[in-house]
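What follows is a set of notes on a single structure, which appears directly below.
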Amino acid sequence: MVKFVIVRHGYSKGNKEKRFSGQMDVPLDEIGLSQAEAVAQYITENFKIDKIYSSDLSRAVDTVKPIAQKLGIPVNKVKELREVDVGEWQGLLIETVKELYAESFELYRQNPGLARFDGGESYKELMDRSLVAFDKIAKENDGKTVLVGTHGGVIRTLRAGWNNIPLENIKEIPHVPNASITVAQYDKGKINWLKIGYNDHLTEKTTEEAIK
């Protein structure tokens, strides 16, 4: 069994500008950097972390980096922990995507679990690689507490996969907030959730973004 402490990246420039970032390497903004420090304080005070993994995108790495520095533990970067590949939508404002890709955007808005990003991934592909990545990390760290820095889409599809929720029902699973903490005990595919989207450590630094 492994205990996962999963951190969604902090508020990024893409979040602020209301863009589809996907796998584009968008940095944290000033709020996100402040959130990362708050995450580090909470994590180091409440968990004994044995190992740290992260998506290789800077907004995820820089969210867990203050924890790594406090604990003297390296960050293992894993490409498979990246956000969903949004293909042709990458870097575009949400309003621009609504205009240029009206039909596929509406399907995404209504039922993201059945949608595919134009020229990019589907949520099924995201879920499959996320489940494989976390299972691999679990097998390498039996009996340990592992911190993982990743993205909202990854966490959302993990929850669907681990809870056997059909992807067509993924709208029932809300995105966790930026810089929130999700804690789960994982044992050979069986999951016990201890916290989901916890963000009391952020106080006034809480941020939300929504696609409407």
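Each value in this text was obtained by applying a stated rule to the coordinates, not by laboratory testing. Quantities reported herein were computed from a predicted structural model and do not represent experimental measurements. Counting neighbours? That spans all protein chains shown, and the Cβs are built from the backbone with ideal geometry, glycine included.
A few remarks follow.
- K188-T44 pseudo-label distance in nm [points 7 Å out on the Cα-to-Cβ vector]: 3.8 nm
- Residues whose placed amide H lies under 5 Å from that of Y101, excluding near-sequence neighbours: none
- Computed from phi, the 3J(HN,Hα) profile of the range 13-26 under the Karplus parametrisation 6.51, -1.76, 1.60 (θ = phi - 60°) reads 5, x, 4, 4, 8, 6, 10, 7, 7, x, 9, 5, 8, 9 Hz, with x in place of Gly and Pro.
- Descending by average beta-carbon neighbour count within 10 Å, the peptides 186-194, 74-82 line up as 74-82, 186-194, the highest first.
- 3J(HN,Hα) along the range 104-121: 6, 5, 5, 5, 4, 5, 7, 8, x, x, 9, 8, 10, 6, 4, x, x, 8 Hz, from the Karplus curve 6.51 cos²θ - 1.76 cosθ + 1.60 with θ = phi - 60°, whole Hz, x for Gly and Pro.
- Here the simple spin-label model places points 7 Å from the Cα toward Cβ, and for Q69 and T203 these points are separated by 2.1 nm.
- The amide H of V183, built 1.01 Å from its N in the peptide plane, has I6, L194, K195, I196, G197 as neighbours under 5 Å, considering only residues 5 or more places off or on other chains.
- Semi-axes of the equivalent ellipsoid for the chain, Cα gyration tensor, largest first, Å: 27, 20, 14
- For N178, the residues 5 or more places off, or on other chains, whose built amide H falls under 5 Å of its own are T207.
- Length gained when the stretch M1-S58 is fully extended (0.36 nm per residue, less Cα-Cα span): 17.6 nm
- Centroid-to-centroid separation of the range 123-150 and the range 1-76 [C-alpha atoms, Å]: 16 Å
- Residue (of L114, T96, A40) at the positive-pole extreme of the range 1-145, dipole from beta-carbon charges: A40
- Angle in degrees between helix 30-46 and the longest Cα principal axis of the chain, rounded to the nearest 10: 40 degrees
- Label sites at N111 and E30, each approximated as a point 7 angstrom past Cα along Cα to Cβ, lie 4.4 nm apart.
- Using Cβ point charges alone (K and R +1, D and E -1), the dipole size of the range 120-212 about the Cα centre works out to roughly 160 debye.
- Rounded to the nearest 20 debye, the dipole magnitude of the chain is 640 debye, with +1 charges on Lys and Arg beta carbons, -1 on Asp and Glu beta carbons, and the Cα centre as origin.
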